[in-house]
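Taking it in order: structure first as structure tokens, then the write-up.
Please treat every number below as a calculation from the coordinates, not as lab data. Only a predicted model underlies this, so the values are computations on that prediction, with no experimental measurement involved. Virtual Cβ from ideal backbone geometry, glycine too; neighbours counted across all protein chains shown.
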Amino acid sequence: MDWGMKNRLSRIIKPDTGKTVMLAVDHGYFLGPTSGLEEPTGIISELIPWADSLMLTRGVLRASVKAEQDIPIVLRVSGGTSIVGNSLANEGITVAIDDALRLNVSALALSIFVGSEHEKETLLNLSKLVDEGQKFGIPVLAVTAVGREMARDARYLGLCCRIAAELGAHLVKTYYCDNFEEVVKACPVPVVIAGGKKIEEKAALELAYNAVRDGAVGVDMGRNIFQSDCPVGMIKAVKQIVHQGLSAKEALAIYNDVKKDKLKS
Ligand code: 5RP
């Protein structure tokens with residue numbers, strides 16, 4: 001792996017812990033102004049101090065993040081669908097590599113839809129993106145999207161992660177599941193987990209803890225942070241789990257303390 005690729009990856013997976021807390025705020029590319037992301041500028045600036053990197057689209061990056069901000073960017077470069085369209089799986093590549101270079105991003109993120117009617121196009125999109133990224137030393141994060149008809153089990157997620165890695169992804173994002181350690185073991189590149197739909201803060205912290213315990217290098221979490229009653233408390237708590245190895249219980253106490261202070265202020 002060339003110097004540039006290693007340098008960019010080290011901006012995401014921190015060398016001192018080998019872990020990462022990626023804040024995912026790219027949901028609008030197909031969900032529009034989803035709850036918690038109605039006004040991205042405010043929530044992003046509130047959470048940036050505790051995020052190791054931001055996963056977002058070029059539109060929100062340009063509109064909502066100051067160019068002077070020192071935060072590694074994981075650029076969402078697949079899309080072309082919407083929640084009201086007829087198939088979320090029918091994504092294409094939405095950003096040219098030269099624009100990603102101009103935006104000085106640290107990684108490129110693209111979804112694959114294994115098992116969907118658009119499986120082949122999305123996997124070939126991943127391959128093309130890896131080729132483009134390799135030319136310029138930009139790593140690719142493959143996002144294993146799960147079709148409604150798919151079961152989020154180790155067999156399916158293990159298949160998606162392994163295919164993504166075989167095609168050249170440098171980092172894979174998937175979901176936590178039972179026997180998650182098998183998914184990690186069978187994937188030759190680092191794995192992070194998405195948080196998925198908003199759940200109770202305690203459960204989301206347990207999810208983060210279990211994923212890292214079972215081999216994930218961290219999280220690429222969005223809704224369970226920015227839709228929380230106290231987003232700052234949540235990202236601080238998640239960061240303590242991922243980088244400091246706190247238990248979910250200890251992290252929940254951090255979340256509650258921050259929430260209490262916020263209510264007082
Ligand atoms: C949206 C995404 C998100 O980046 C990913 O799902 C992580 O966000 P969340 O924790 O909210 O699931 O790919 O399409």
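Filtering region 151-189 to residues that are surrounded by 19 or more Cβ atoms within 10 Å (Cβ to Cβ), away from the ligand (no atom under 16 Å from the Cβ) and not in a helix (DSSP H, G or I) leaves His170, Cys187, Val189. For beta carbons closer than 7 Å, sequence separation of 6+ or different chains, a first residue in region 121-145 that is under 10 Å from Leu167 (Cβ atoms) and a second that is assigned to a loop (DSSP other than H, G, I, E, B) and β-branched (Val, Ile, Thr), the qualifying pairs are Leu129/Val77. Evaluating Ile193 against the criteria (1) more than 9 Å from the ligand (Cβ to nearest atom); (2) touching a residue at least 12 places away in the same chain (Cβ under 8 Å); (3) of a type in the set (A, V, I, L, M, F, W, C) leaves one unmet condition, (1). Strands (runs of 3 or more DSSP E) fully within region 1-109 that include at least 3 residues being in contact with a Leu (Cβ under 7 Å, 6 or more places away or on another chain): 73-76. Just one of the listed residues (Thr94, Thr34) is hydroxyl-bearing (Ser, Thr, Tyr), within 12 Å of the ligand (Cβ to nearest atom) and under 18 Å from the mean Cα position of the chain (by Cα), and it is Thr34. Being of a type in the set (Gly, Ala, Ser), in contact (Cβ under 8 Å) with a residue 40 or more places away in the chain and either away from the ligand (no atom under 12 Å from the Cβ) or surrounded by 18 or more Cβ atoms within 10 Å (Cβ to Cβ) (or both) is a property that does not hold for Ala63.
Among all positions in region 115-127, there is no residue which is under 26 Å from Ile225 (Cα atoms), part of a loop (DSSP other than H, G, I, E, B) and more than 18 Å from the chain's Cα centre (by Cα).
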